Amino acid sequence: MLITEEQIAEKTQELAEIIAKRYPPDAAEGDLLLVGVLKGAIFFMTDLAKALSIPTQLEFMAVSSYGSSTSSSGVVRIMKDLDKDIAGRNVLIVEDIIDSGLTLSWLMRNLKTRNPASLEVVTLLRKPDALKTPVEVANVGFDIPNEFVVGYGLDYAERYRDLPYIGTLHPRVYGGE
Ligand code: XMP
Ligand code: MG
């Protein structure tokens, strides 16, 4: 166990209060558009949306980065694109975790070409490697050690997403001691 259910809930509330202050509820840009990156961000996204005191709309993208299953290459393919035009909207990308930051920096560049009024990021987790990437993340829940984590949306081979907390995997799970 790395982060408990209670710690996640507390942090989500904290982030929601910061974010709500940034976006006036009656903005000309319309409701804040939360763009969740499937599948990992779903748990955090729904809890964040509920904690926000401002109205939001939810959109999803699925991307897959070429490379091994535990490290990303920065070459990203869109598996599911947004259903809506984001031009002129306030867009907040909701991420579960930023590791190398390569996926996110690609996504930011891609979404910027669609001319949103603003584009920011909130991530529940960030690993130290992400700090080397020139991608600006306004809102970070927890900085965590460089270990593979699961739970609360995060998976290992599609398992453990349903855990209500975030934990690290025992090496036994992936064939170690
Ligand atoms: P980059 O390196 O591009 O990668 O920032 C981000 C994506 O990699 C996945 N990822 C993880 N997934 N536990 C997971 O379940 C982890 O510890 C982990 N580290 C990176 C995740 O899909 C994220 O969006
Ligand atoms: Mg992901």
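Here, each number is a calculation from the coordinates, and none is a lab measurement. Keep in mind that this is a model prediction, so the values were computed, not measured. Reconstructed Cβ throughout: ideal geometry from the backbone, glycine too, with neighbour counts over all protein chains shown.
Worth a mention:
- Extreme residue, positive dipole direction of the chain, given options 82, 41, 151 (C-beta unit charges): 82
- Taking one quarter of the surface of the convex hull spanned by the alpha-carbon atoms of the stretch 99-177 gives a direction-averaged projected area of 6.4 nm².
- For the pair residue 114 and residue 64, label points projected 7 Å from Cα toward Cβ lie 2.0 nm apart.
- C-alpha center-to-center spacing [the stretch 157-177, the stretch 110-134] in angstrom: 26 Å
- Note on residue 11: lysines with a C-alpha under 18 Å away, same-chain residues under 8 apart excluded, are 21, 50, 127.
- Shape metrics for the stretch 1-93, restricted to C-alpha atoms - Rg then Dmax, Å: 15.1, 44
- Residues residue 50 and residue 6, FRET efficiency given R0 of 22 Å [Cβ-Cβ distance, rounded to 0.05]: 0.85
- Size descriptor for the chain, Kirkwood hydrodynamic radius: 16.6 Å (Cα pairs only, one decimal).
- Counting only Cβ charges, +1 for Lys and Arg and -1 for Asp and Glu, the dipole size of the chain around its Cα centre is about 500 debye.
- Charge tally in the Cβ shell below 13 Å around residue 86, where Lys, Arg are +1 and Asp, Glu are -1, residue 86 excluded: -3
- Here's the picture: charge each Lys and Arg Cβ at +1 and each Asp and Glu Cβ at -1 in the chain, and of 130, 167, 12 the one pushed furthest to the positive end of that dipole is 130.
- Here's how it looks for residue 165: its modeled amide H is under 5 Å from those of 152, which are all 5 or more places away or on a different chain.
- Cβ-defined net charge surrounding residue 127, 13 Å radius [Lys, Arg +1; Asp, Glu -1]: -4
- Charge tally around residue 161: other residues with Cβ under 13 Å, Lys/Arg +1 each, Asp/Glu -1 each, net -2.
- Computed per residue of the chain from DSSP H runs no shorter than four, each worth -39500 (n - 2.57), the mean residue ellipticity at 222 nm is -7000 deg cm²/dmol.
- Integer Hz, Karplus 6.51/-1.76/1.60 couplings in order for the stretch 125-132, x for Gly and Pro: 10, 9, 9, x, 4, 4, 5, 8
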